[in-house]
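What follows is one structure encoded as structure tokens, with my remarks underneath.
What follows is calculated from the coordinates using simple rules that are stated; it is not laboratory data. What you are looking at is a predicted structure, and each value in this text was computed from that prediction instead of being measured. Using ideal geometry, Cβ is built from the backbone for each residue, glycine included, and neighbour counts are taken over all protein chains shown.
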Amino acid sequence: MASSPRLKYLSLAVLVFQTTSLVLTMRYSRTLQAEGPRYLASSAVVVAEVMKILACVLLVLKEHNYSMRALNSILRQEIAYKPIETLKLAIPSGIYTLQNNLLYVALSNLDAATYQVTYQLKILTTALFSVSMLGRRLGVYQWLSLLILMAGVALVQWPSESSTVAPEKEALSAGSQFVGVTAVLVACCSSGFAGVYFEKILKESKQSVWVRNIQLGMFGLVFGLFGMLVYDGERVRESGMFQGYNRVTWTVVALQALGGLVIAAVIKYADNILKGFATSVSIILSTLISYFWLEDFVPTGVFFMGAVLVIVATFLYGYEGKPSPNPSSA
């Protein structure tokens, strides 16, 4: 069933906006020198899940002409009466919760541009999981694009000479760079697996994408609350769950909640790998804003080469994705 090209490109355009603004506002919020304690990343993840569930409930309600009876019936049928189907979503939900927390760790330690480019390794993990879990076959251009992608990310991570940095500051930045890159790499693996697993579930069922997101959000909320109590329980008891929240924090939380819905729409109306196209524009925007506005990043020639390779790889990956020789694939 072909989806409207207009809907497909609209969802990709919204994804560009959401990806770029989320990364930049999150980076800004984690480095902003404000009075009082900094907001808890684990708390932001929980609040984003609550927002996502509420948004999905409203969308399901809209689909059924705002009938509360219909909403109640659907939620009971699809969640309460299908526990096995619902439990299947616990796996991607737990992984997404981990990934959302890692995003905050990464952007507390890396500039927005380096994070954006390195995070494109999720195209590689998504491709490998698509081959193993969905039985997809990759063409020559796609395998070539994955090699170019790895080369591009390696160049972006290439250490640059900075003679003006003090030794202790250099050691600190090297340590935080390592933490940031490790967080991104783990997030890439989790993103690849969870994205393909969720795509498989969405395409195997005729259920509304919004109902699936409510199920996903319910588990995400449970995992998120558990993580918050384990890692930040003491701080929550001392200063409350919303400590350090300001307008920037609420913007970050809202963008993160929107992100799950936009990605779900892109998977439904396009496919999981088409998300890569939107990120090419996002990389360019993030680099420019990180340099001119946040002023926490000075691009080197090696970074520029790496970023160009990553963008080329992203476009090349989708080159053979258009003709579909297998008409039976839904």
- Message: Highest mean first, how do 13-19, 111-117 rank when packing is the count of other Cβ atoms within 10 Å averaged over residues?
- Response: 111-117, 13-19
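By per-residue mean of other Cβ atoms within 10 Å, what is the highest-first order of 186-197, 240-251?
Values: 186-197: 21.5, 240-251: 15.7.
Packing proxy ranking, top to bottom: 186-197, 240-251.
How much net charge surrounds E238 when only the other residues with a Cβ under 15 Å from the Cβ of E238 are counted, with Lys and Arg +1 and Asp and Glu -1?
Values: positive: R38, R235, R237; negative: D232, E234.
Every neighbour counted, the sum reads +1.
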- Task: Write down the radius of gyration of the stretch 1-126 and its Dmax, each obtained from C-alpha positions, in Å.
- Result: 18.3, 53
- Query: Between R6 and E234, what is the FRET efficiency for a Förster distance of 45 Å, r being their Cβ-Cβ separation, to the nearest 0.05?
  - Reply: 0.35
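How much length would be gained if the chain were fully extended between I91 and L144, taking 0.36 nm per residue of separation minus their Cα-Cα distance, in nm to one decimal? Mind showing how you got there, number by number?
Details: separation 53, 0.36 × 53 = 19.08 nm, distance 3.11 nm.
Once the chain is fully extended between I91 and L144, it gains 16.0 nm.
If packing is taken as the mean number of other Cβ atoms within 10 Å per residue, what is the order of 306-314, 58-66, highest first? Mind dumping the intermediate values first?
Numbers: 306-314: 22.1, 58-66: 13.6.
Top to bottom by mean Cβ count within 10 Å: 306-314, 58-66.
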